[in-house]
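Here the structure comes first, spelled out in structure tokens, and everything after it is commentary.
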Amino acid sequence: MNAIQTEAWNSIQGKLKAFIFKFTRDKEVAADLAQDIFLKVHAKVDQLRDSDKLVGWIYQVARHTITDYYRSKSKKIDLQEIDWESEQAPLSDCVSNCLSDMLITLPAKYREALELTELKNLSQIELANALNISYSGAKSRVQRARQMLKEKMETSYNIQLDRYGNVLVCENRTLCGCE
């Protein structure tokens, strides 16, 4: 940094911290982010073509730094704060057992397609080779089997999902033989 840039930095440093504080509401975080911004500005100041735009550029770096701070903060999860014991499986053992029972009721070719792809983790290409059918035939068979199983599940259960596909509610509509 040359003398003009150092003077500009010193003159806006207080305003910059106040600007950052508006977003963070934490003086220590604001001071840390101001220091990060100073380091970024110092490292890249030679790339600035028009020195008249230095202050605007510093505030642009500040906005990006604040955004990065909140992005990194939202991704941090303290694993010790998670109560692993109270986590429940999305489907109860009963539903898993009933799902297995329903799978058996599918016609043999569809049951086999689902067992190989979902339980034995074969790809649909590997399924096609194993059953000596075309790839599009294997895809259709798996999709039809999934649809049949879905219809059986909807008939037997009241299932509610969140927008991510996680099971929120799964209640028996009919008795499935579970205890």
Subject >> Loop chymotrypsin sites (Phe, Trp or Tyr not before Pro), region 98-163, which have at most 11 other Cβ atoms in a 10 Å radius of their Cβ (DSSP) >> reply: none
Original post:
If the cut-off is 24 Å between C-alpha atoms, which lysines fall inside it for Lys44, apart from same-chain ones fewer than 8 positions away?
Top reply: Lys15, Lys17, Lys53
Original post:
If packing is taken as the mean number of other Cβ atoms within 10 Å per residue, what is the order of 60-68, 100-108, 43-51, highest first?
Top reply: 60-68, 100-108, 43-51
**OP:** Determine which lysines satisfy two conditions relative to Lys109: a Cα distance under 29 Å, and not lying fewer than 8 residues away in the same chain.
**Re:** Lys120, Lys139, Lys150, Lys152
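Laboratory data are not the source of any read-out in this text; all were calculated from the coordinates shown. This one's a predicted model, so the numbers in the text were calculated from it and none came from an experiment. When we count neighbours, we look across all protein chains shown, and the Cβ atoms used for this are built from the backbone with ideal geometry, even at glycine.
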